[in-house]
Structure formats: C-alpha cells, structure tokens
Amino acid sequence: MTAFATTQAATPEDVRPSPPASGHAPVLAIHGGAGVERGDLDAAGLAEARAALETALRAGHAQLQAGAPAMDAVEAAITVLEDAPSFNAGKGAVFTHEGRNELDAAVMDGATGQAGAIAGVTRVRNPILLADAVMTSSPHVMMVGEGAEAFAQTQDIALVDPAYFRTERRWQQLQRALEAERRSQPQASVLTGDARPYFGTVGAVALDGDGRLAAGTSTGGMTNKRYNRVGDAPLIGAGTWADAQCAVSGTGWGEYYIRAAAAHEICARVRLRGDDIREAADAVIDREIPAAGGNGGAIALDADGRVAFPFNTPGMYRGWIGADGVPHVAVFREDEIALPDGR
Ligand code: ASP
C-alpha cells in the first residue's frame, strides 16, 4: 500500500494516459470465487461468507472515502477476504496434492502500469500485501517460493506457520479429490482430481475519486494441484489486469484464463476497440473460455464506474459498493444484484 516506497521506473507519460480529472464517483467491486454451489453451504456458512464480503466492501470503501488511491481499496478488501476462511485465499486456501497450501497473488495499478505478483508462497499471511511490496519496493514484477518469502522478511510482511491456512472443509475437499483420482473418474485430472473444481479465488477492482483504476487477485489455486503448478491469478494479463480504462480480476480454471490472456483481453477490447465493458467481459468469460473447454467468472470495471460480473458457474461470490457506502452482495446466479451504472 502507500507505505511502501516506489523504486520501479516510472512509466513514460507518452505511452500511458494520465488519469482523468478528479470528480469520479468511487466504486469497488469484489469476488470470492466462481465455484460456489448451493449444496456447498449451510445457512450459517452462507451468512458467514456474505458477512465477509460486506466487511471487505466496507473496508475498501473506507479507503476510497478517505481519498486513498484505488490500489489501497483493492488491498484493504482483499486482505479481509484472505483472512476469512470461507474463501480459497489466505486462511481457507485449498490444498495441493501433497497437503500443502501454496498461495499466489497479484496487483496492478492502472494509473501507473506498475504491477507486482508472487506465487507458491506457503507462509505469507496476506499474499496480496507481498504482491504490493514486490510492485512498490523492488525492481521486479514477480517473485516465487522461498525467494519471495525471504523478500517478505525484508518488508515486515507477516509470516505465519503453514498450519494457519488449514481448514477442515478444504482438507476434506482434498480427500475427495484424491479418492476420485484413485478411482480415475473420467474428469479426474492432475489439477482437480475431482469431477468439479473448487474455484474460490478472491479479487477486487476499484475506481477512485481521481479516476484511477486498480486490480488485485489472491488464491490458493486449485485443489490437488501438484508440481508447483501456478494458475492465472498471479500472472499479469491472465487473471489480473488494470490500465487507465479497465480493471479485471478473474476466477476460474486458470489454465484456460492463461491461454486466453483473459484479463488483458477484456481490457484490450475496451481500450483499443471501444467495446462496452460488459460486452467485452461476457465475450471473453462467457463465450471464448467455455468454447475452449474452461469455465469461471470475473469482475470488470471501467473508468466510468460500470461493473460487469460475468460467470458461467452456478454461483460466484460477488459484490460492489459505491459512493453511498451501501454494500451490494450476491452469491448464486438467481440472486438479484443491482448494478452500478457509472457516472
Ligand atoms: N483461477 C484460480 C487458479 O486457477 C482458481 C480459482 O479461481 O479459484 O488457480
């Protein structure tokens, strides 16, 4: 967040439009993953997840109301979701084949073009804060594994015992995935080992009062992943992207998002072709990725504050908050959610 000094070279002004003049109505949109289905949760679990989404929205909104940059709102919201055991990020992350939690995260600042990402960390309590530190306090964009954790120690980023991330629900998901793999179900794969994946990545996109956009994504990846597999979430352009006109965070079957450069593809259509954000997001998430065999969802936000929530799964934890500070949250496809219409 802003506490970190910027050491990356500034992007030349001639290639990146400066943010529009102030006076934008700030907006924050979040997701908690596109893998949720009705049978997954009892009433208490659903209420807990919805409460965490609202808390995350309020935390981000407080930053925007205080005049902080969009990036601070993104990180404030994602930190709440990482700490909440309901989602596949931070505490509550899914397990690898070997029974570990390996975490990935990325941030991108649309106003400056700066980005930071980490992958395969096992001890960083809030991976989104380490991604930010990579962006603001190193000359690099991406760090992985032990090196990323060594860097975290130089940045006062909180490290925890790996047991911190464990939840019984995720452990049982891994046991079912391993069992399905043993029985070699047709859909069983190295990645999920189960007939259905558990997308639960968290993400946020924000537009601040000065017209700056930012995006961030944090995940445990996919259940039963192995060989240090890394998905789309920390790959700039795949699961996370922000520029001066568009910000996207994805959730879904990462391999398909990587091959589609999904987040960048959505924003390129907005920036270069002038496509409407909802049309661009629907085209990539709901048509091109399913046509290739993948599935999932995303949140996308443009510089006018218009939000898209495409997904092609039974549910996606999602929400947004505008200048009035009223959180709007939805989980399943049939849940009503009013959309912000921009300025
Ligand atoms: N996109 C993530 C990955 O493939 C999974 C998710 O969205 O939950 O790692």
Taking ALA308, is it hydrophobic (A, V, I, L, M, F, W, C), modelled with pLDDT of 95 or more and surrounded by fewer than 19 Cβ atoms within 10 Å (Cβ to Cβ)?
no
Can you give me the number of residues within segment 78-128 that are crowded, with 24+ Cβ neighbours inside 10 Å and acidic (Asp, Glu)?
4
Residues that are touching a residue at least 24 places away in the same chain (Cβ under 8 Å) and either among the basic types (Lys, Arg) or farther than 23 Å from VAL248 by Cα (or both): list the helices (runs of 4 or more DSSP H) wholly contained in segment 41-157 that include at least 3 such residues.
43-65, 145-154
Quick check: anything in segment 290-308 touching a Pro at 6+ places or on another chain (Cβ under 7 Å), in a loop (DSSP other than H, G, I, E, B) and within 19 Å of MET108 (Cα to Cα)?
yes
ASN312: touching an Asp or Glu at 6+ places or on another chain (Cβ under 8 Å) and at positive phi, yes or no?
no
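The values are calculated or read from the model by the stated rules, or taken from the named source; none is laboratory data. The structure presented is a predicted model; accordingly, all values stated were derived computationally and were not measured. In this analysis, Cβ positions are derived from the backbone assuming ideal geometry, glycine residues included, and neighbour counts consider all displayed protein chains.
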